[in-house]
Amino acid sequence: MTGATKVLFLAHTGQVSGAEKVLLDLIGEAQRGGLDVIVACPSGRLSESLPNGVRHVKISQLGLGGERGLARGLATVRLVYRWIDAGRKLRSLARADDTETVVNSLFALPVARLARPARGASWLVHDTMTSSKQRAVVAISKPAIRIAVSVSDATAAPLRAANVPVLVSHNGVRWPVPQFGGELHDPPVIGMLALLTEWKGHRVLLDAAATLPGIRVELAGGSFPGDAEYVAELSSRAGQQDLAGRVEFLGHIDPDTALQRWDVVVSASTSPEAGPLSVLEAMSHGLPVVGTDHGGTSEFLTGGAGILVEPGNSVSLAEALDSVLADETLRRSIADAARTRVAAEHDLSVTLPALLDKLISRRYVAPVES
């Protein structure tokens with residue numbers, strides 16, 4: 001690894017969602033490989049979850065909240081100042097000859113550009129680049145990117161189009177694990193494991209469930225402060241007459257505990273997911289997944305390993321849920337195909353070392369601009 005003995009992981013948030021779960025797994029893998037680990041992130045659940053021996057460098061929150069209009073503009077200006085401050089704070093660490101720099105999120109990329117790591121930065125891509133805002137952040141950060149490592153082919157495609165050097169390394173989950181499912185609960189329970197943020201598509205699921213009076217819905221996952229308005233909207237929708245008493249918000253909960261409560265899992269994201277861990281976790285336990293047909297979700301669920309529906313279409317989602325719940329043979333077929341795929345392509349004991357190997361340079365790469 002060209003003499004590297006340390007790795008600096010850079011994250012934009014102190015919260016923990018799918019991307020941060022992958023980061024925590026990578027930290028453990030790096031420690032097992034004998035590397036000293038430094039994590040730069042805001043204080044929060046992520047910093048509190050860091051294993052012993054990891055050095056935490058506190059930085060400010062690097063994302064935007066739910067601001068709109070003039071407030072959005074002011075928030076963007078403050079974000080730029082936070083990028084500059086974090087870049088200055090991390091520069092001496094990133095410039096050390098014995099340190100690799102790994103960026104875990106798009107909104108932390110500008111910090112890497114400002115810190116100017118001696119080896120360049122590798123970027124673990126958890127988001128599919130679809131918006132002008134994302135493209136702008138990548139454009140200003142590109143001189144610092146040694147390599148981007150995408151967790152799905154769908155997410156790699158727009159980066160290649162933007163002339164970003166990219167490799168693909170798929171996410172994984174723990175395997176083998178027990179199979180869940182079997183007899184339906186009474187009434188059947190539809191579950192969704194995702195942060196309560198707008199693009200995850202909770203509205204679409206609730207609208208679909210409103211047309212299926214014989215089911216219950218459980219939403220597992222926390223929320224960011226900037227999504228308070230959206231969470232209130234979901235709560236209001238769940239209390240309307242066509243859903244009253246049939247929707248429960250579980251908050252933060254162990255994924256396995258949630259999955260054991262459910263008969264079908266939904267991934268209803270309205271923007272493309274890169275490689276959703278919640279889908280892989282459900283697949284590994286043999287629960288049928290109905291997901292939106294774009295991004296990494298499409299790659300996971302093809303070939304009978306799940307059911308794909310049009311993004312944002314509550315009618316199609318309702319029809320798919322109704323057909324899965326009504327057909328025990330179909331549920332068994334999906335479970336078998338899903339578990340076979342996880343075993344063959346998404347075993348964490350295989351995917352995790354491969355992912356770290358791609359992120360940590362094994363060949364000399366010319367440093368970025370000084």
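Laid out as a table, the results:
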{"quantity": "Long-range amide H partners of Val247 with built H, under 5 Å", "calculated": "Val217"}
{"quantity": "Packing-based ranking, highest mean first, of 322-330, 98-106, 299-307 given that Cβ atoms within 10 Å are counted", "calculated": "98-106, 299-307, 322-330"}
{"quantity": "Alpha-carbon centroids, segment 137-210 and segment 31-54: separation in whole Å", "calculated": "23"}
{"quantity": "Cross-link table Lys89/Lys142; Lys6/Lys58; Lys133/Lys200; Lys142/Lys200; Lys6/Lys133; Lys89/Lys133, entries beyond 22 Å C-alpha to C-alpha", "calculated": "Lys142/Lys200; Lys6/Lys133; Lys89/Lys133"}
{"quantity": "Accessible carbon and sulfur surface of segment 129-188 relative to its total accessible area, %, 1.4 Å", "calculated": "56"}
{"quantity": "Within the chain, helix-based [θ] at 222 nm, where runs of 4 or more DSSP H residues each add -39,500 (n - 2.57), nearest 500", "calculated": "-12500 deg cm²/dmol"}
{"quantity": "Arg332 - accessible surface, heavy atoms, 1.4 Å probe, Å² rounded to 10", "calculated": "120"}
{"quantity": "FRET efficiency, 1/(1 + (r/R0)^6) with R0 41 Å, evaluated for Asp153 and Ser43 via beta carbons", "calculated": "0.70"}
{"quantity": "Sequence-distant residues sharing a close amide H with Ile59 (under 5 Å, placed H)", "calculated": "Cys41, Ser43"}
{"quantity": "Probe 1.4 Å - accessible area at Glu48, Å² to nearest ten", "calculated": "150"}
{"quantity": "Separation of the Tyr81 and Lys6 label points, Cα + 7 Å toward Cβ, nm", "calculated": "2.9"}
{"quantity": "Residues Asp347 and Asp186, FRET efficiency given R0 of 45 Å [Cβ-Cβ distance, rounded to 0.05]", "calculated": "0.85"}
{"quantity": "Protection proxy ranking of 198-209, 152-163 - average other beta-carbon atoms within 10 Å, highest first", "calculated": "198-209, 152-163"}
{"quantity": "Rounded accessible area per residue of the chain, 1.4 Å, Å²", "calculated": "42"}
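The values are calculated or read from the model by the stated rules, or taken from the named source; none is laboratory data. Values in this document were obtained by computation on a predicted structure and should not be read as measured data. For neighbour counting, all protein chains shown are included, and Cβ atoms are generated from backbone atoms with ideal geometry for every residue, glycine included. When the accessible area is computed, the model is the full protein with side chains, heavy atoms only, and any ligands, DNA or RNA have been set aside. Shrake-Rupley method; radii C 1.70, N 1.55, O 1.52, S 1.80 Å.
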